[in-house]
Structure formats: C-alpha cells, structure tokens
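Heads up, the thing below is written out as structure tokens.
Where a number appears in this text, it was derived from the coordinates with a stated rule and is not lab data. This is a predicted model, so every value here is computed, not measured. All Cβ positions, even for glycine, are placed from backbone atoms using ideal geometry, and neighbour counts span all protein chains on display.
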Amino acid sequence: MKGFLPAFLLILVFPVSSDTFTFKADRMSGGKAAGREITILQGNAEVRSDKLLLRADRIEIQGEDNQFIDCSGNVWGQEEEKNIFFQTDRLRYDRTLKIARLEGNSTLEDRKNEIVAKGRFIEYDDQAEVTVFQISVRLFKDNLVCRSEYAVYRRIEKLLDLSGFPVVYKKEDEFRADRIRVDLDTDDVVMEGSVSGSIKN
C-alpha cells in the first residue's frame, strides 16, 4: 500500500485479540514492510481502540498489531467508559500498555469527578488510572484551584499530589508548601515543608 488513496471517507476494521481496532480518514498512505509497519491518516482522521476514541488532523499508526498511535493537529480524545475527555497539540498512545502521552497545550477533563486539569505534558495510565502532569499545571474543581509544576492524580483514590512551587486556593483561602496533597473527595489539604498560607474568616 503505497502513495495516497483518493480523498474519500475510508473505514477499516481490524480485530486484534479481544479488541476491535477501527480507523477512518479522508486519505491514507503507508507500508507493511516487516518491522516498519506504518499507516498515515490525514484529514478528519479518527481511531477507535477498545474504549478510546481519538480524532486529529493527522494520525500515524505504527508497529505490530497497530501498537503505537501518534496524533497531531487539533487532537481530541475520549475514554468513553470512564467519561474522560482530553485535548492537546500532540498525543502518543501505546495500545499494549494503554498509556497516553499528551504534549503541548493539553487539557484533561474527568467529568465523572468534575475535575478539569491542564499542563504542558500529561501522561495518562488507563489501567492504573493514574495521571502525571508537568509544567504549568492547573487543576480546577468547584471552588478549588491548584497550581504547581508537577502533579500526580490518582483517580481511584481521588488524591492529588502537588510539588514544584505548589499553591492551592480554596475559596478565598490560600495554601503554600513544598508538597501538598489534596483529597478531591473532601477538599481536605495536607501540606509538608515550608508551609504558609492565609485564611479569610
């Protein structure tokens, strides 16, 4: 399969073990040389793998059994079962490990837990339900605003660990420390190292 196919809606379906992998786009190119399998989708590109739906201007699919997916340009995604949505400049996804890496201006929205988080790099582990945020991290939930340079969100436990100049705003109160843990279920804040803050009565 070489060169571009004509510009029309293309839909292909590949059963991979228990997962059905589908994709579609305006046009497609690629090759199947051993060890260099690649499929390039351009224009309204969309990939669906298990419970994950990805859309982008360009999507590259590589590896045996279409293991690696690289999305760029207006990337949008949804983990349908967990009601998680994200947008980013670029996304790389490993279908075997079920780990997604978001790069550039990135937003992850956990609608079930009513949380919106932003960062310049986000790594989402779908199996462990743990997300790592780096660089200009911001997280919003109700009257809670958290900022830091590094954060780990444990979705099952509803815990957020902040480091790298973390600050938490809880309504009109402000909390600063070297490390801050926030219970996103109760909004309780635990701080360690160089603790400071202000509370308005």
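Data table
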{"quantity": "Whole-Å semi-axes of the ellipsoid equivalent to the chain (Cα gyration tensor, √5λ, descending)", "calculated": "39, 15, 14"}
{"quantity": "Gain in span if fully extended, N143 to D178, counting 0.36 nm per residue against the direct Cα distance", "calculated": "10.4 nm"}
{"quantity": "Stokes-Einstein D for region 93-201, Kirkwood Rh over Cα pairs, 10 °C, 1.306 mPa s (µm²/s)", "calculated": "113"}
{"quantity": "Within the chain, longest stretch free of exposed chymotrypsin sites (Phe, Trp or Tyr not before Pro) [DSSP loop, at most 14 other beta carbons within 10 Å]", "calculated": "9-201"}
{"quantity": "Extreme residue, positive dipole direction of the chain, given options I84, Q62, S29 (C-beta unit charges)", "calculated": "S29"}
{"quantity": "Region 73-126: trypsin sites (Lys or Arg not before Pro) in DSSP loop, at most 12 other beta carbons within 10 Å", "calculated": "R111, K112"}
{"quantity": "Net dipole in debye of the chain [+1 Lys, Arg Cβ; -1 Asp, Glu Cβ; about Cα centre; nearest 20]", "calculated": "560"}
{"quantity": "DSSP-assigned coil residues among trypsin sites (Lys or Arg not before Pro) in region 130-201, each with at most 12 further Cβ atoms within 10 Å", "calculated": "K171, K200"}
{"quantity": "Whole-Å distance, taken between Cα centres, linking region 82-99 and region 37-65", "calculated": "12"}
{"quantity": "Given 13 as the ceiling on other Cβ atoms within 10 Å, longest exposed-site-free region of the chain for GluC sites (Glu not before Pro) in DSSP loops", "calculated": "1-79"}
{"quantity": "Computed FRET value (nearest 0.05) for R154 with D94, which takes r as the C-beta separation and R₀ as 22 Å", "calculated": "0.60"}
